[in-house]
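What follows draws every value from the coordinates through simple rules; no lab data is involved. From a predicted model like this one, the values you see are computed outputs, not experimental measurements. Every residue, glycine as well, gets a Cβ built from its backbone with ideal geometry; the counts of neighbours run over all protein chains shown.
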Amino acid sequence: MGIITTIIVGFIVGLIARALKPGNDRMGIIFTTLLGIAGALIAGFLGQALGLYRAGEPVGWIASVIGAVVLLFVVGMVRGRARVR
């Protein structure tokens with residue numbers, strides 16, 4: 001997969017994850033794209049390592065969105081703790 005394709009897929013996954021997670025996640029286009037790319041990488045690595053699916057299967061999209069949603073919750077928790085101090 002080329003870098004442009006990775007960026008486009010990451011942006012789409014990030015947008016879907018932000019739409020699925022309730023609450024206000026204030027972040028720009030770049031952070032949304034990075035979130036989607038990171039979610040896809042983490043979910044892809046874990047799913048393939050556990051033998052749940054192979055690269056290129058459609059279930060990878062679902063796993064990528066789930067990974068990005070989990071990252072959104074982690075980012076929200078980290079940002080919440082930073083504001084309390």
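Each residue, residue 78 and residue 53, gets one label point 7 Å from its Cα in the Cβ direction; the gap between the two is 2.5 nm.
Mind putting a number on the dipole of the chain about its Cα centre? Charges go on the C-beta only, +1 for Lys and Arg and -1 for Asp and Glu, and I need it in Debye to the nearest 20.
So the magnitude is around 460 debye.
Here, the chain is characterised by an Rg to Rh ratio of 1.01, where Rg is the alpha-carbon radius of gyration and Rh the Kirkwood radius. Taking every DSSP helix (H) stretch of at least 4 residues in the chain, weighting each as -39,500 (n - 2.57) and dividing the sum by the residue count yields a mean residue ellipticity at 222 nm of -26500 deg cm²/dmol.
For the chain, the longest principal axis of the alpha carbon atoms and the long axis of helix 3-20 meet at an angle near 50°. Using θ = phi - 60° in the Karplus curve 6.51 cos²θ - 1.76 cosθ + 1.60, the 3J(HN,Hα) couplings for the stretch 35-48 round to 4, x, 5, 5, x, 5, 5, 5, 5, x, 5, 5, x, 6 Hz; x is entered for Gly and Pro. With r as the distance between the Cβ atoms of residue 46 and residue 24 and R0 = 30 Å, compute the FRET efficiency 1/(1 + (r/R0)^6) and round to 0.05. It comes out at approximately 0.60. Once the Cα atoms are used to define both axes, helix 59-84 deviates from the longest principal axis of the chain by about 20 degrees.
Tally Lys and Arg at +1 and Asp and Glu at -1 over the other residues with C-beta under 11 Å from the C-beta of residue 72: what net charge comes out? In short, +2.
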